[in-house]
Amino acid sequence: MISHIHSTTIGVNDQDAALDFYVNILGWEKAMDSPLGDNMRWLTVVPPGATSQLVLAHASWAGESHAPGKATGISLVSHDIDATYATLTSRGVKFKAPVETMPWGQKAAWFSDIDGNEFFLVEE
């Protein structure tokens, strides 16, 4: 039976710049970094302790469905969203708006990476 989600993909314009953002700004870890041929590289990152990986695919081969600058449909979890919002904002992460309480009662906010890929951050 299926045990977990391996990965999902987003498009980025510069894999090294994206890696720097996810590791040094968001505090994630590099999981895989393997060449796939000329100018292609399989690069993934994960939040600490996570198993599902985020593929940072270069826009030149990511395909239109993963082109940079879109809503990703990816939801991320924080156990203290106010502290996470304050920390990430101080590091230059761009949020659409401050944390707000959603109609279903959870606190949440949307933020974007350096390529404009948008993520939903929710408190659990």
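The values are calculated or read from the model by the stated rules, or taken from the named source; none is laboratory data. Note that the structure is predicted; figures quoted are calculated from it, not measured. Ideal geometry is used to build each Cβ from the backbone, glycine not excepted, and the neighbour counts take in all protein chains shown.
Side notes on the structure shown:
- Tally of residues being under 15 Å from Leu26 (Cβ atoms), surrounded by 14 or more Cβ atoms within 10 Å (Cβ to Cβ) and without any contact (Cβ under 8 Å) to a residue 40 or more places away in the chain across region 90-109: 2
- Residue in region 70-81 that is outside any strand (DSSP E or B) and among the small types (Gly, Ala, Ser) present: no
- Members of region 37-48 that are of a type outside the set (Asp, Glu) and either out of contact with any Asp or Glu (no Cβ under 9 Å at 6 or more places or on another chain) or not in a loop (DSSP other than H, G, I, E, B) (or both): Gly37, Asn39, Met40, Arg41, Trp42, Leu43, Thr44, Val45, Val46
- Only a single item in (1) in contact (Cβ under 8 Å) with a residue 12 or more places away in the chain; (2) surrounded by 12 or more Cβ atoms within 10 Å (Cβ to Cβ); (3) not aliphatic (A, V, I, L, M) is not met by Thr87, and it is number (1).
- Out of Pro48, Pro98, Pro68, sole residue that is modelled with pLDDT of 95 or more and in contact with a Gly (Cβ under 8 Å, 6 or more places away or on another chain): Pro48
- Test: residue in region 50-59 that is in contact (Cβ under 8 Å) with a residue 24 or more places away in the chain, of a type in the set (S, T, N, Q) and exposed (fewer than 15 other Cβ atoms within 10 Å of the Cβ): yes
- Check on Ser65, small (Gly, Ala, Ser) and in a strand (DSSP E or B): no
- Index of the failed condition, Glu124 passing every other in (1) touching a residue at least 24 places away in the same chain (Cβ under 8 Å); (2) in the same structural domain as Ile5 (by TED's automatic domain parsing); (3) touching a His at 6+ places or on another chain (Cβ under 9 Å): (2)
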